[in-house]
Amino acid sequence: MRTLFLIAFLTVSSLSFAQEGVTVSGNAISITEIPPIWPGCIGNAAETKACFKKELVKHVVSNFRFPEGYKKGTVKEKVVVDFVINEEGKPQILGVKGGTKVLQEEAKRNILAIPQMTPGKAGGSPRAIKYTMPFTF
């Protein structure tokens, strides 16, 4: 009876401490990154990831303002913004390349206007997830 109780206790204990996104197979441990969740996106991991991409593009397009002196269709430049959604679910700029300083500042402003979201996870803990967003004018 004691042995049965011990086995049951160990089984329940190991299940209660399992981490989301961690898989153990033999000697290999695999940690799956779970992307951030945009506000209002629901569903499984694939659905929330697709929703994130769709909402990010919609945000960038609807919030972009051409700086003074620039008009849509007259600029042929590309700005690339590297950023993360940090452990708190907020955007944080890592770097900006290409284009003029004015276009870089507008691209940064646009990314920093991303709404607060549920942060990504790795191994069950909040984790900064990196993204690259190209802006082609």
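No value in this document is a laboratory result; all are computed from the given coordinates. On a predicted model such as this, the values are computed, not experimentally measured, just so you know. Heads up, the Cβs are rebuilt from the backbone with ideal geometry, glycines too, and the neighbour counts pull from every protein chain shown.
In table form, for the structure just shown:
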quantity: For region 22-136: rounded, prolate or oblate by the Cα gyration tensor [a/c cutoff 1.5]; calculated: prolate
quantity: Partner aspartates and glutamates for K78 [C-alpha distance under 19 Å; skip if fewer than 8 residues away on the same chain]; calculated: E68, E105, E106
quantity: Theoretical FRET efficiency, 1/(1+(r/R0)^6), r = Cβ-Cβ of K78 and L112, R0 22 Å, to 0.05; calculated: 0.70
quantity: Estimated dipole of region 22-136 in Debye, rounded to 20 [Cβ of Lys and Arg +1, of Asp and Glu -1, Cα centre]; calculated: 380 debye
quantity: Label-point separation in nm, V24 to L94, each point 7 Å along Cα→Cβ; calculated: 3.0 nm
quantity: Where labels lie 7 Å past Cα in the beta-carbon direction, separation of E87 and A50 in nm; calculated: 3.3 nm
quantity: Packing rank of 68-74, 104-110, where each peptide gets the mean count of other beta carbons within 10 Å, highest leading; calculated: 104-110, 68-74
